[in-house]
Amino acid sequence: QVQLVESGGGLVQPGGSLRLSCAASGSISRINDMGWYRQAPGKQRELVASIISGGSTSYADSVKGRFTITRDNAKNSVSLQMNSLKPEDTAVYYCKAHLIEYGRSWYEAFWGQGTQVTVSS
């Protein structure tokens, strides 16, 4: 059974930094893209950043220049370095991966349980 486990959330002051990590484990044959989403209270979940297996990345306009997504293919993990954090970055952050499980031939989306990031003075 595939699991995505996030870590690294917490409370930080405006202008501060946090690093989120997500590790995928289980019966994984191949991972295509991995990414981070976030959902603030009363808002829809939105894509923050994504990275494909070849290393190409994409970011939401609101985080460009402040957030950096990286990936370790050997460890099936993805990280999000968040700098210059703002109060509007406050949300639950979710890790997502499109992957193929052993014994199957199609990609499925798997989500982590979410980690809270709060930016406040």
(request) Calculate, in whole percent, how much of the Cα-Cα pair population of the chain lies beyond 16 Å. (result) 58
(request) Round to the nearest 0.05 the FRET efficiency obtained for residue 100 and residue 7 when R0 = 25 Å and r is the Cβ-Cβ distance. (result) 0.50
(request) Normalise the Debye intensity by I(0) for the stretch 13-63, one equal point scatterer per Cα, no solvent, then take log10 at q = 0.13, 0.25, 0.30 Å⁻¹ and round to two decimals. (result) -0.44, -1.17, -1.25
(message) Can you give the local net charge around residue 55? Use residues other than it whose beta-carbon is closer than 12 angstrom to its beta-carbon, Lys and Arg +1, Asp and Glu -1.
(response) -1
(message) On a 1.4 Å probe surface of the protein chains, which of 72, 89 comes out largest in accessible area, and what is the full order?
(response) 72, 89
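The values are calculated or read from the model by the stated rules, or taken from the named source; none is laboratory data. Just so we're clear, the structure is a prediction, and the values are computed from it rather than from any experiment. Cβ atoms come from the backbone with ideal geometry, glycine included; neighbour counts cover every protein chain shown. The protein model used for the area step is the full one, side chains on, heavy atoms only, and it has no ligands, DNA or RNA in it. Shrake-Rupley method; radii C 1.70, N 1.55, O 1.52, S 1.80 Å.
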